[in-house]
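Participant: Sharing a structure, written as structure tokens. Questions coming.
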Amino acid sequence: MIQLEIRKSLHGSAGAMNLSIGIEIKEQDFVALTGKSGSGKTTFLRILAGLERAEGNITVSGEVWQDGKHFLPPQQRKIGYVFQDYALFPNMTVEENLLFAEKDKVLAERLLELTELHDLKKRLPHSLSGGQQQRVSLCRAMMKRPKLLLMDEPLSALDPDMRMKLQNEILALHREFGTTTVMVSHDPSEIYRLASRVLLLEQGQIINDGSPKEVLLQTQGSQKFSFEGELLDIAKADVIYVAVVSIGQQLVEVVVSSREAEKLKIGQKVRVSTKAFAPMIVGA
Amino acid sequence: MGEILRTMDFTPFVLSFKLAALTSVILFAVALPLAWYLSQTRSKAKPVLEAVTALPIVLPPSVLGFYMLWALSAHSPIGAFFEDTFGIKLAFSFTGLVIASCFYSMPFMVQPLQSGFESLNRNMLEASYIAGKSRFATLLKVALPNIKPSLLTALIVTFAHTVGEFGVVLMVGGSIPGKTKVASVAIYDMVEVMDYTSAHIYSAIMIVMSFLVLLAVYIFNAKQHKKFGLQ
């Protein structure tokens, strides 16, 4: 069980704000931390890691990491940390990167097998692809058999295929080691697949806390589909208007009436939703 | 020509290299923690320390030489302390030269190391702390091996700069043959007595050696960038 209650005043891009978080995290839980950039997600992770100071208490399975009197430095907190930019040691081979964290050859071998990096263990980081480097970073973070694994947007620099592969590996490692994990992510599908609990952060406060379904599914009432997007264009076609909306990476056309078209402004955020109908799903 | 070279006294060169080697080694030990501290600190004292460190670059060597001479002489507390305690006369001695050179060449050791450390990925250093390593272990095993080009630049430029110094060594050391008469001072003396042949030979040796050393640094750095994929 992790119990924490922390406060810190920050000077973010949107002016001053107060980071104030009080939560409990269950052992072996996989928590996703999401929210707009500048909402304090990374700072929260850094405070957990002891890389930044904050007021308050952090207790991890009965051990005090910080309170009014004590402050455990990052060296003494049993954590693993995966950075977005991998942060590997360029002067060490893949294997040396792992052994630097902990001289445990058996565990290193096992982690390298699990992540299919075994053949690359004598290589230097710069000769690996981004996905491979992030897998090394993940293995390195697991070397200390951490009580808490922290990941700061670990997959955001990777292409979609590599993301999927690494999500599976993160899942596999989580099943194998049962490490309590806190991961920052912006990707709803990633959160849905990996996390058992989602914290939505805004201006340094948790404004939503629940299962991925509760927090991420944005349909309400009888709505079946509901997507948020940006209105790119409205064009008149005979008697109707056709709006072009960008949703995620896709563009969709939606028919709107002339009265609706008057109220919409190009460039604004819109929500495209529909009530009960019978959608068809065809394999892509 | 062969005859001239054979009869030529190369002691000043030996002295120059001895001075430069000692200065580089001592300065490395002093400047390494200082550069590391400057690269990591957010203290308000940082600009003050940086300005003091950089002073020898802008000061006329005569100013530095004058203060060094004053500080090392038996009339100052420092000079008196060394003479009373260790029986060492610092002014016009080789030891005094080494001390003066350390001050004079300080920025050439500190600055490349500091900018090397500052260019390191902070996350990488933090990854080392999280891996349980102390600041000192991180400095030795992570920071230093990843700034090899800066490290080599610092050492070589300090060495070369010390070989090339003139004003400070002349003021602090005088020109005592076999003790404090280094190559640059020797050339000055040769020109003074219009021994242009020797001055030419000495100067030519200086140019060729300096060029070769700098060339080696640039070749090494280019290779390092390739090997580790540094920018």
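The values are calculated or read from the model by the stated rules, or taken from the named source; none is laboratory data. This structure is a prediction, so every number in the text was calculated from the model and none was measured. Every residue, glycine as well, gets a Cβ built from its backbone with ideal geometry; the counts of neighbours run over all protein chains shown.
Participant: Output yes when any residue across segment A:34-50 is loosely packed, with under 14 Cβ neighbours inside 10 Å and more than 24 Å from B:Gln40 (Cβ to Cβ), and no when none is.
Facilitator: Yes, there is a match, as at least one residue in segment A:34-50 is loosely packed, with under 14 Cβ neighbours inside 10 Å and more than 24 Å from B:Gln40 (Cβ to Cβ).
Participant: Hey, another quick one. Taking segment B:116-136 as the search range and keeping residues that are of a type outside the set (S, T, N, Q) and in a loop (DSSP other than H, G, I, E, B), which one is surrounded by the most Cβ atoms within 10 Å (Cβ to Cβ)?
Facilitator: The residue in question is B:Ala131.
Participant: Among the listed residues A:Lys36, A:Lys122, A:Lys69, identify the single one that is assigned to a loop (DSSP other than H, G, I, E, B), in the same structural domain as A:Glu169 (by TED's automatic domain parsing) and more than 30 Å from B:Arg42 (Cα to Cα).
Facilitator: Residue meeting the stated conditions: A:Lys122.
Participant: Among the residues of segment A:14-27, write down those that are closer than 16 Å to A:Thr180 by Cα and surrounded by fewer than 13 Cβ atoms within 10 Å (Cβ to Cβ).
Facilitator: Within segment A:14-27, A:Glu24, A:Lys26, A:Glu27 qualify.
Participant: For B:Asp189, which of the numbered conditions (1) of a type in the set (D, E, K, R); (2) within 14 Å of chain A (Cβ to nearest Cβ); (3) assigned to a helix (DSSP H, G or I) fails to hold?
Facilitator: Unmet condition: (2).
Participant: Please work out if A:Ala172 is surrounded by fewer than 19 Cβ atoms within 10 Å (Cβ to Cβ), within 14 Å of another protein chain (Cβ to nearest Cβ), out of contact with any strand residue (DSSP E or B) (no Cβ under 6 Å at 6 or more places or on another chain) and over 22 Å from A:Glu214 (Cβ atoms).
Facilitator: no
Participant: Only residues in segment A:45-61 that are assigned by TED's automatic domain parsing to the domain that holds A:Val182 and in a loop (DSSP other than H, G, I, E, B) count as the first member; pair them with residues that are surrounded by 15 or more Cβ atoms within 10 Å (Cβ to Cβ) and among the aliphatic types (A, V, I, L, M), Cβ under 7 angstrom, at least 6 apart or cross-chain, and list the lot.
Facilitator: Taking only residues 6 or more apart or on different chains, the pairs are A:Gly50/A:Leu72; A:Ala54/A:Ile6; A:Ala54/A:Ile47.
Participant: Also, quick follow-up: Considering B:Val217, B:Val213, which residue is buried (at least 16 other Cβ atoms within 10 Å of the Cβ) and touching a residue at least 40 places away in the same chain (Cβ under 8 Å)?
Facilitator: B:Val217
Participant: Also, quick follow-up: All but one of (1) farther than 29 Å from A:Ile58 by Cβ; (2) within 14 Å of chain B (Cβ to nearest Cβ) hold for A:Leu114; which doesn't?
Facilitator: (2)
Participant: Between A:Asp209, A:Asp233, which is part of a strand (DSSP E or B) and assigned by TED's automatic domain parsing to the domain that holds A:Leu48?
Facilitator: Answer to the selection: A:Asp209.
Participant: Moving on. Looking at segment A:52-72, which of its residues are over 24 Å from the mean Cα position of the chain (by Cα) and of a type in the set (Gly, Ala, Ser)?
Facilitator: Within segment A:52-72, A:Gly56, A:Gly62, A:Gly68 qualify.
Participant: Note down all Cβ pairs under 8 Å where the first residue falls in segment B:119-137 and is facing chain A (nearest Cβ under 7 Å) and among the aliphatic types (A, V, I, L, M), the second is part of a helix (DSSP H, G or I) and surrounded by fewer than 19 Cβ atoms within 10 Å (Cβ to Cβ), and they're at least six residues apart or on different chains.
Facilitator: B:Ile130/A:Gln75
Participant: Determine if segment A:78-98 includes at least one residue that is polar (S, T, N, Q), within 14 Å of chain B (Cβ to nearest Cβ) and in a helix (DSSP H, G or I).
Facilitator: yes
Participant: Looking at segment B:68-78, is at least one residue touching a Phe, Trp or Tyr at 6+ places or on another chain (Cβ under 6 Å), free of Cβ contacts under 8 Å to residues at least 12 places away in the same chain and not in a loop (DSSP other than H, G, I, E, B)?
Facilitator: Within segment B:68-78, not a single residue is touching a Phe, Trp or Tyr at 6+ places or on another chain (Cβ under 6 Å), free of Cβ contacts under 8 Å to residues at least 12 places away in the same chain and not in a loop (DSSP other than H, G, I, E, B).
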